[in-house]
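The values are calculated or read from the model by the stated rules, or taken from the named source; none is laboratory data. Keep in mind the model is a prediction, meaning the values are calculated, not measured. Cβ: placed from backbone, ideal geometry, glycine included. Neighbour counts: every protein chain shown. Side chains included, ligands, DNA and RNA excluded: accessible areas come from the protein's heavy atoms. Shrake-Rupley method; radii C 1.70, N 1.55, O 1.52, S 1.80 Å.
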Amino acid sequence: MAQQYDMSLVRDRDIGVEYRVVPRNYRNQVPSLDTFKKGAHSGWVGGAVRQRLTVQGKLNYRMVVLQKKGGHTPDRHLAAQQQQQPPPQRKQAISASTSTSTSTSTSTSTS
């Protein structure tokens, strides 16, 4: 299917096995769908169906990474970054902090 869109498969990982989704998330339990009444929220029903199919092995979690042919490879991407000019440096405003201190002394003498 990837070739149909001029892409190639870079990585195909079975996340369900790597992260042990069934024993960790679902505790190896197949839920009954009979507990849902007509008109139940579709999100809850969908989650139960996904759990049921995953525990039964009919559905799995995968991560598929595709790359467009002729696209950036890590080496080509690094070379392209090195050829780019560095961004212009912003001129920093020099802020002169002036501190003024005033002292007044009053002396009174009585004779």
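A few points about this structure:
- Among the candidates 39, 47, 57, 70, the residue that is of a type in the set (Gly, Ala, Ser) and within 24 Å of the chain's Cα centre (by Cα) is uniquely 47.
- Extreme residue, surrounded by the fewest Cβ atoms within 10 Å (Cβ to Cβ), among residues of segment 36-62 that are outside any loop (DSSP other than H, G, I, E, B) and in contact with a helix residue (DSSP H, G or I) (Cβ under 8 Å, 6 or more places away or on another chain): 62
- Residue that is modelled with the lowest pLDDT [pool: residues in segment 1-39 that are among the hydrophobic types (A, V, I, L, M, F, W, C) and over 17 Å from residue 51 (Cα atoms)]: 1
- Just one of the listed residues (65, 10, 17) is open to solvent by less than 70 Å² (accessible area, probe 1.4 Å) and not in a loop (DSSP other than H, G, I, E, B), and it is 65.
- Applying a threshold of 9 Å to beta carbon distances and a minimum spacing of six or more residues, or different chains, the list of pairs starting in segment 58-70 at a residue that is more than 15 Å from residue 15 (Cα to Cα) and ending at one that is open to solvent by 80 Å² or more (accessible area, probe 1.4 Å) and of a type in the set (Phe, Trp, Tyr) reads 66/5; 68/5.
- Cβ pairs under 9 Å, 6+ apart, first in segment 31-54 and over 23 Å from residue 16 (Cα atoms), second part of a helix (DSSP H, G or I) and open to solvent by less than 40 Å² (accessible area, probe 1.4 Å): 35/48; 36/48
- Residue list for segment 20-35, filter: surrounded by 13 or more Cβ atoms within 10 Å (Cβ to Cβ), farther than 22 Å from residue 63 by Cβ and not hydrophobic (A, V, I, L, M, F, W, C): 31
- Verdict on residue 20 being on the phi > 0 side of the Ramachandran plot and of a type in the set (Lys, Arg): yes
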